[in-house]
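The values are calculated or read from the model by the stated rules, or taken from the named source; none is laboratory data. Bear in mind that the values here come from a model prediction, so they are computed numbers and not experimental data. All Cβ positions, even for glycine, are placed from backbone atoms using ideal geometry, and neighbour counts span all protein chains on display.
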Amino acid sequence: MVNTATKLDTVFEVIGNAMASTMPAGTLVIAEKLRRNHWHKIQNRVVVVAVGKRLVAGRVKQNDLREQGVFLLYSDSHTTADPFLLPIASIRGLWLVEEFLERKQIR
(Lines give C-alpha, C1' and ligand atoms only; values in the text may rest on other atoms or scores of the structure.)
Protein backbone atom coordinates (compact mmCIF):
# COMPACT_ATOMS: atom_id res chain seq x y z
CA MET A 1 0.00 0.00 0.00
CA VAL A 2 1.32 3.44 -0.93
CA ASN A 3 1.06 6.23 1.62
CA THR A 4 -0.22 9.04 -0.60
CA ALA A 5 0.11 11.57 2.21
CA THR A 6 3.91 11.54 1.85
CA LYS A 7 4.22 10.68 -1.86
CA LEU A 8 4.54 13.57 -4.29
CA ASP A 9 4.18 12.82 -8.00
CA THR A 10 4.90 15.36 -10.72
CA VAL A 11 4.14 15.30 -14.45
CA PHE A 12 6.93 16.42 -16.78
CA GLU A 13 6.90 16.91 -20.55
CA VAL A 14 10.00 15.70 -22.37
CA ILE A 15 11.65 18.29 -24.60
CA GLY A 16 14.54 17.21 -26.83
CA ASN A 17 15.79 13.88 -28.10
CA ALA A 18 18.41 12.73 -25.58
CA MET A 19 16.06 9.97 -24.38
CA ALA A 20 14.30 9.49 -27.74
CA SER A 21 14.18 5.69 -27.80
CA THR A 22 12.47 5.63 -24.38
CA MET A 23 10.83 9.05 -24.19
CA PRO A 24 10.41 10.88 -27.51
CA ALA A 25 9.91 14.65 -27.39
CA GLY A 26 6.39 15.47 -26.21
CA THR A 27 6.11 12.39 -23.97
CA LEU A 28 4.57 13.06 -20.58
CA VAL A 29 6.09 11.23 -17.64
CA ILE A 30 4.89 10.77 -14.09
CA ALA A 31 7.71 10.90 -11.57
CA GLU A 32 7.99 10.60 -7.82
CA LYS A 33 10.18 13.09 -5.97
CA LEU A 34 12.77 11.26 -3.89
CA ARG A 35 14.32 12.37 -0.66
CA ARG A 36 18.08 12.84 -0.75
CA ASN A 37 18.70 9.89 1.60
CA HIS A 38 17.21 7.54 -1.07
CA TRP A 39 19.28 8.77 -4.04
CA HIS A 40 22.09 6.25 -3.47
CA LYS A 41 19.65 3.35 -4.10
CA ILE A 42 18.84 4.32 -7.70
CA GLN A 43 20.25 1.93 -10.28
CA ASN A 44 19.28 1.47 -13.96
CA ARG A 45 16.26 3.74 -13.68
CA VAL A 46 15.15 6.83 -15.59
CA VAL A 47 15.20 10.02 -13.53
CA VAL A 48 14.51 13.73 -13.90
CA VAL A 49 17.09 15.88 -12.13
CA ALA A 50 16.95 19.58 -11.24
CA VAL A 51 20.42 21.00 -11.95
CA GLY A 52 20.86 24.74 -11.66
CA LYS A 53 17.90 26.32 -13.48
CA ARG A 54 17.17 23.36 -15.74
CA LEU A 55 15.76 19.84 -15.65
CA VAL A 56 17.68 16.93 -17.15
CA ALA A 57 16.30 13.46 -17.90
CA GLY A 58 18.54 10.43 -18.09
CA ARG A 59 19.15 6.85 -17.04
CA VAL A 60 21.23 6.15 -13.96
CA LYS A 61 23.44 3.23 -14.97
CA GLN A 62 26.24 3.98 -12.57
CA ASN A 63 25.46 5.33 -9.13
CA ASP A 64 28.64 6.46 -7.38
CA LEU A 65 27.02 8.77 -4.85
CA ARG A 66 28.39 6.97 -1.81
CA GLU A 67 31.93 6.42 -3.12
CA GLN A 68 32.56 9.49 -5.30
CA GLY A 69 29.56 11.77 -4.78
CA VAL A 70 28.40 11.63 -8.43
CA PHE A 71 25.69 10.22 -10.67
CA LEU A 72 26.46 9.21 -14.22
CA LEU A 73 23.36 9.88 -16.35
CA TYR A 74 23.16 8.15 -19.71
CA SER A 75 21.03 9.00 -22.70
CA ASP A 76 18.81 6.28 -24.20
CA SER A 77 19.35 7.90 -27.60
CA HIS A 78 21.87 6.14 -29.83
CA THR A 79 23.24 9.51 -30.94
CA THR A 80 24.58 10.51 -27.50
CA ALA A 81 27.30 8.23 -26.19
CA ASP A 82 28.94 10.15 -23.37
CA PRO A 83 27.43 10.07 -19.88
CA PHE A 84 26.47 13.29 -18.12
CA LEU A 85 28.38 13.61 -14.84
CA LEU A 86 26.31 15.09 -12.01
CA PRO A 87 28.05 15.90 -8.73
CA ILE A 88 25.67 15.58 -5.79
CA ALA A 89 26.33 19.21 -4.79
CA SER A 90 24.81 20.41 -8.10
CA ILE A 91 21.54 18.45 -7.70
CA ARG A 92 18.62 20.53 -6.37
CA GLY A 93 15.98 17.79 -6.70
CA LEU A 94 15.50 14.32 -8.14
CA TRP A 95 12.41 12.50 -9.41
CA LEU A 96 12.18 8.80 -10.24
CA VAL A 97 10.18 8.25 -13.45
CA GLU A 98 7.39 5.78 -12.77
CA GLU A 99 5.21 5.94 -15.86
CA PHE A 100 5.35 7.13 -19.47
CA LEU A 101 2.25 8.69 -21.01
CA GLU A 102 1.94 9.30 -24.72
CA ARG A 103 0.94 12.77 -25.72
CA LYS A 104 -1.74 13.01 -28.36
CA GLN A 105 -1.18 15.51 -31.17
CA ILE A 106 -3.63 18.39 -31.31
CA ARG A 107 -4.80 19.05 -34.85
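Here is the figure for the stretch 19-69: residues that are of a type outside the set (G, A, S), outside any strand (DSSP E or B) and closer than 17 Å to D82 by Cβ total 1.
Yes or no, residue by residue, for (1) among the basic types (K, R); (2) closer than 16 Å to W95 by Cα; (3) at pLDDT below 85:
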residue	(1), (2), (3)
K7	yes, yes, yes
A25	no, no, yes
R35	yes, yes, no
R54	yes, yes, no
